[in-house]
Structures are given as structure tokens and as C-alpha cells.
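Trainee: Below you will find the structure I want to go over with you.
The values are calculated or read from the model by the stated rules, or taken from the named source; none is laboratory data. This structure is a prediction, so every number in the text was calculated from the model and none was measured. Note: ideal-geometry Cβ built from the backbone for every residue, glycine included; neighbour counts use all protein chains shown.
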Amino acid sequence: MAGLFDGLEMGKRALSTHQLSLNTVGHNISNVNTPGYTRQRVNTTTTHPQKHPSGLVGTGVKAVDIVQIRDLFLNRQFRENNKALGQWTSMEKTLTQIESIFTEPNKDSLSDLLDQFWTSWSDLANNPESMAARTALVEHSNLLTSGFNRLYRQMSDLSKSVDNDVVMTVQKVNDLAEEIASLNQQIARAELGGQKANDLRDKRDLIIDELSQYVDVNSVEQKNNTTTVYIGSLAIVDGVTSFKIGTRKTVAGESTASAIVWAGTTKEIKNLNGELLGMVETRDRILPDYMAKLDEMAQALIAQVNGLHQTGFGLDGSTGLNFFDPLKNGAATIAINFSIANNVNKIAASQGGEVGDNLNALAIADLRYSQVLSRGTATLSEFYNSLIGELGIDSSKAQGLKENFELLLNQIENARQAVQGVSLDEEMAQMIKFQHAFDAAARVITTMDEALVTVIQDMGLVGN
């Protein structure tokens, strides 16, 4: 009798275990398109055997736990390369915007305006007494100075925009850190009994993956099943507590920038990576470098043209005048001298003051061929072309590295999904296997039940 009841219990355990496996397969299939989901499997083991005169007799199967199928090495590789992708994506975006500001080679770009400026001086040299030539020179000079002003202003505005992006990204990092801390708390509570909160763990890992896009993160799982997340050597999430990062305004010359610090302190975070590093690099190094070169170019133009213009004479006999306003000595403010803008007769085309003298206008026109930049090795146009070439190289490099890391990240993600992703074909095969096992377990219970009926109802009736 005891043996038959043991058989019923064995069948019941088998039914329960295979039903759990079927439910887990169904859960996998349901989440085939869920971002961050990791396929699950039921671990099973034999139950404790019973002693019998013939030896130890097995008592069936039981489910031990439900585990995630993960590759921790691929997860680390994904996050490391996600940081690099975030950095170069951010830099490529800003460099593309800088290229669109310069709009080279196009009509009315700075190189075109500079050519028109020199040509206007040549036209004036051909007819130094022409009011039309003088007026055209002033117009083209104003267009050139406006071109410098516009480029510098737009890059300054772009720098402020990148700084705003830094502030918003810092807030995004804080929000993600809070979510991780909240999930840590939920996981710790759910796993007090020893079970694994797999779905909550998937959410936590997905958020850490996202966080790695913005900053340099490393994560370590603790004994209480919470995960500590570090930026560099300091924790931004420790158990159920998250620590905020913030920004502090710093002044650099006439501009301000948001330094990334630990909230409530002045300690700057040096271990940046991901998008935040790309933003800080473009804001603090790349944009200031191009703006400084524009300044250098404008200052050289002002100094060279003014130096010659001061020695010449206008139609009204005026001399010693600057062509460009010397108090506005930079790309942001460069402007033609107000006196000349309002009286074109003051343009010093003459070198000696005689009627028809064009030597000063010729000398200024010839400045286009003077090597006044890069330690006397480049003309203004060559210096500007070098700047545009450098921008093209920087942009191409950023785009190439972004594409390389995208490709590498896709390869890692494909390898990761091959391990932890849900394959519908594999899950269907598992479902059929567990279905047959479930049917067989049900058949065991039916057989044991029929045997019990025989024992209870039919035994002792023979011969009556």
C-alpha cells in the first residue's frame, strides 16, 4: 500500500516540476521581444531516495531553482564598448554640427568672403578714385566681419548647448542610479527565501547597460544580492542607496562651464567616460581650439591690414586711420572702423597722397599672399584651409570610430543574445519535451490510481 502511495507522490512531484518547466518556457516565449530579457531554465534534481530491502529506491524529481542563462564576460565587454560608443557618438554629433556651421565649400562661406575682400582691394587698386569700388570694399568688408562674428557666435552657442546637454545627462545618470537602488531593494526582499528574482535582475542589468552609455561604470554583486555600481573608485549606488552627481559652474575667461562633481561637494569626477566624456571633450577642448584659431586669424587680418592702412592716405587727405576697429580685436567682435564705414573717402588707397596713387591698395591686396600665420609659414587662406582640413579629419575620425564601435557592439550583442536570448525554435523543442514528460507523469498517476482501485476494491473477492 505504502509503495502505491509513494508512486502517486512521485507522479505528483513530476507533474509539478514539468508544469513549472512548461510555465518557464511559456514565460521565455512571451518575452522574446522584451529588451534586456534573459532566458530562464528550471534546474531539477532527484529527490532523496528511500531505503528498501533491495537497496535505495528513487522517489522522483524536484525543481531546485529557476536560473538565468548569462555570460558575465560578454556583459562586461558590452558595457566597456558601450562607453566608447557613447563617447564617439557624442563627439561625432558635435563635430558634424561644427562642420555645418562653417558650410565649406559654399558661396558666402568664410573662405569665399575672404576672397571677395581681397578682390575688392584689387578692384580699388585698379581704380583708386572710384566711389563704387570704395563702397563695394566697405560692403565686402562688412560681410567678412559679419562672417567672423557669425562663426564665433554660433560656436559659442554650440558650446553652451553642449554644456546644457552635460547638465541634462548628469540628471539622467542620477535617475538611473535611483532606479538601480530601488531595484536592489526589491531584489533583496524578493530573494530572502533563497529564490532568484530573475525578472527584476534583468531590469537592473538593462539599466546598468544604459548607464554605461553615459559614464565609466563598473558593477559588483554583493552577498545580499544587491549590486554596487562605481564611477571610477567611488560608488554611485551602494545597496539600496544612490549617491547623486551634480554640476558646478566654473568660469573660463568670458564663458562659464559646468564641471561634473559629486553632489554637495567641489570634488570633480575625473573618471569620465561615455557620452559625458565626449561632451566635455568637445566643450572644453575641441570647440575652444577652433574658436581660438578663428581669433588668431581675425587678429592677424586686423593687424596686417591696419598696419598698412595707417601709412596710406585717403581721398580727403586723411592718414593714420585703422581700417578695422582696433578695439574689437577678435573673431567675435571684428568690425570695420566706424569713420571709414561712414566715409569711404577715408580709405587709404594712396601711399603718398597723390591723385591716382594706388600703391597702398595694391600692398593691402597683396596681403592675401603674405605668410603671416603659423610662425610665418601660412597665409590667411592657407591657415583657414588647414583649419577646415583639421575639422574634416576630426569629424571623419569620430565618425569612423563611432561606426567601428557600433559594429563591435553589435557583434558582442549578437554573441550575448546567442547565449541569453530567447530562440523560439529552441523553446518550442523544450516545450514538446516537457509536454511529453508532463503527459508521462500524468500517466504514472493514472496507473498508480488504477492499481490502488484494484487493491482497495478487488483484493479479497476471489472465491466469494
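Trainee: Go through N164, N149, N126, N106 for me and flag whichever is of a type outside the set (K, R), in the same structural domain as E354 (by TED's automatic domain parsing), touching a residue at least 60 places away in the same chain (Cβ under 8 Å) and surrounded by fewer than 18 Cβ atoms within 10 Å (Cβ to Cβ).
Mentor: Just a single option satisfies the conditions, and that option is N126.
Trainee: Of the conditions (1) modelled with pLDDT under 90; (2) in contact with a strand residue (DSSP E or B) (Cβ under 9 Å, 6 or more places away or on another chain), H48 satisfies every one except a single condition; which number is it?
Mentor: It is condition (2) that H48 fails.
Trainee: What are the residues in the range 334-356 that are in contact (Cβ under 8 Å) with a residue 60 or more places away in the chain and surrounded by fewer than 17 Cβ atoms within 10 Å (Cβ to Cβ), if any?
Mentor: Within the range 334-356, A341, N345, V355, G356 qualify.
Trainee: A follow-up question, please. Within the range 226-255, restricting attention to residues that are over 21 Å from K203 (Cβ atoms) and among the polar types (S, T, N, Q), which residue is surrounded by the fewest Cβ atoms within 10 Å (Cβ to Cβ)?
Mentor: Among residues in the range 226-255 that are over 21 Å from K203 (Cβ atoms) and among the polar types (S, T, N, Q), the one surrounded by the fewest Cβ atoms within 10 Å (Cβ to Cβ) is S233.
Trainee: Check whether at least one residue in the range 277-284 is farther than 30 Å from F383 by Cα, in contact with a strand residue (DSSP E or B) (Cβ under 9 Å, 6 or more places away or on another chain) and in the same structural domain as S90 (by TED's automatic domain parsing), and report yes or no.
Mentor: Scanning the range 277-284 turns up no residue that is farther than 30 Å from F383 by Cα, in contact with a strand residue (DSSP E or B) (Cβ under 9 Å, 6 or more places away or on another chain) and in the same structural domain as S90 (by TED's automatic domain parsing).
Trainee: Show the residue pairs meeting these rules: Cβ distance below 9 Å; 6+ apart or different chains; first residue within the range 226-240 and free of Cβ contacts under 8 Å to residues at least 12 places away in the same chain; second residue charged (D, E, K, R) and assigned to a strand (DSSP E or B).
Mentor: As it stands, the answer is T228/E221; T228/D238, since those pairs meet every condition given.
Trainee: When V42 is evaluated against the numbered criteria (1) assigned to a loop (DSSP other than H, G, I, E, B); (2) in contact with a Ser or Thr (Cβ under 6 Å, 6 or more places away or on another chain); (3) within 24 Å of L206 (Cα to Cα), which criterion, by number, is the only one it fails?
Mentor: Going through the list (1) assigned to a loop (DSSP other than H, G, I, E, B); (2) in contact with a Ser or Thr (Cβ under 6 Å, 6 or more places away or on another chain); (3) within 24 Å of L206 (Cα to Cα), V42 breaks only (1).
Trainee: If you don't mind, there's one more thing I want to ask. Criterion first (in contact with a Gly (Cβ under 9 Å, 6 or more places away or on another chain) and outside the structural domain of E92 (by TED's automatic domain parsing)) does A441 satisfy it?
Mentor: When the stated conditions are applied, A441 passes them.
Trainee: Could you look through the range 288-324, keep only residues that are in contact with a strand residue (DSSP E or B) (Cβ under 7 Å, 6 or more places away or on another chain) and of a type in the set (S, T, N, Q), and pick out the one that is modelled with the lowest pLDDT?
Mentor: That would be T319.
Trainee: Is at least one residue of the range 73-80 under 30 Å from Q457 (Cα atoms), part of a helix (DSSP H, G or I), of a type in the set (A, V, I, L, M) and out of contact with any Gly (no Cβ under 7 Å at 6 or more places or on another chain)?
Mentor: No, every residue in the range 73-80 fails to be under 30 Å from Q457 (Cα atoms), part of a helix (DSSP H, G or I), of a type in the set (A, V, I, L, M) and out of contact with any Gly (no Cβ under 7 Å at 6 or more places or on another chain).
Trainee: Let me ask you something else. Can you pull out every residue in the range 110-165 that is of a type in the set (D, E) and assigned to a helix (DSSP H, G or I)?
Mentor: Across the range 110-165, the qualifying residues are D112, D115, D123, E139, D157, D163, D165.
Trainee: Just wondering, is there one or more residues in the range 13-28 that are in contact with a helix residue (DSSP H, G or I) (Cβ under 9 Å, 6 or more places away or on another chain), charged (D, E, K, R), farther than 23 Å from F438 by Cβ and surrounded by 15 or more Cβ atoms within 10 Å (Cβ to Cβ)?
Mentor: For the range 13-28, residues in contact with a helix residue (DSSP H, G or I) (Cβ under 9 Å, 6 or more places away or on another chain), charged (D, E, K, R), farther than 23 Å from F438 by Cβ and surrounded by 15 or more Cβ atoms within 10 Å (Cβ to Cβ): absent.
Trainee: Of the numbered conditions (1) assigned to a strand (DSSP E or B); (2) at pLDDT 90 or above, L200 fails exactly one; give the number of that condition.
Mentor: Failing condition for L200: (1).
Trainee: Next up: What are the pairs with Cβ atoms under 9 angstrom where one residue, in the range 406-434, is touching a residue at least 12 places away in the same chain (Cβ under 8 Å) and the other, located anywhere, is assigned to a helix (DSSP H, G or I) and of a type in the set (K, R)? Sequence gap at least six, or different chains.
Mentor: Pairs found: none.
Trainee: Which condition does T265 not pass, out of (1) over 22 Å from the mean Cα position of the chain (by Cα); (2) closer than 30 Å to T227 by Cα; (3) surrounded by 15 or more Cβ atoms within 10 Å (Cβ to Cβ), if it passes all the others?
Mentor: Exception for T265: condition (3).
Trainee: What tally of residues in the range 1-35 results from selecting those that are closer than 21 Å to V64 by Cα and of a type in the set (A, V, I, L, M, F, W, C)?
Mentor: 7
Trainee: Please determine whether any residue of the range 11-19 is free of Cβ contacts under 8 Å to residues at least 24 places away in the same chain and within 55 Å of the chain's Cα centre (by Cα).
Mentor: No; the residues of the range 11-19 include none that is free of Cβ contacts under 8 Å to residues at least 24 places away in the same chain and within 55 Å of the chain's Cα centre (by Cα).
Trainee: Within the range 292-333, can you find the residues that are buried (at least 20 other Cβ atoms within 10 Å of the Cβ) and either within 18 Å of F102 (Cβ to Cβ) or not assigned by TED's automatic domain parsing to the domain that holds L362 (or both)?
Mentor: Across the range 292-333, the qualifying residues are L294, M297, A298, L301, A331.
Trainee: Restricted to the range 60-86, and to residues that are within 17 Å of L407 (Cα to Cα) and aliphatic (A, V, I, L, M), which residue is farthest from the chain's Cα centre (by Cα)?
Mentor: Out of the qualifying residues, it is L74.
For every residue, the table says whether it meets (1) modelled with pLDDT of 90 or more; (2) within 23 Å of L95 (Cβ to Cβ); (3) surrounded by 15 or more Cβ atoms within 10 Å (Cβ to Cβ).
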| residue | (1), (2), (3) |
| --- | --- |
| G376 | no, no, no |
| Y384 | yes, yes, yes |
| S395 | yes, yes, yes |
| A398 | yes, yes, yes |
| N404 | yes, yes, no |
| L408 | yes, yes, yes |
| E426 | yes, no, no |
| H436 | yes, no, no |
| N464 | no, no, no |
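Trainee: Within the range 414-434, does at least one residue satisfy the condition of being outside any loop (DSSP other than H, G, I, E, B) and touching a strand residue (DSSP E or B) at 6+ places or on another chain (Cβ under 8 Å)?
Mentor: Yes: the range 414-434 contains one or more residues that are outside any loop (DSSP other than H, G, I, E, B) and touching a strand residue (DSSP E or B) at 6+ places or on another chain (Cβ under 8 Å).
Trainee: Still on this model: So in the range 39-56, with the set limited to residues that are exposed (fewer than 12 other Cβ atoms within 10 Å of the Cβ) and without any contact (Cβ under 8 Å) to a residue 12 or more places away in the chain, which one is nearest to N414 (Cα to Cα)?
Mentor: It comes out as H48.
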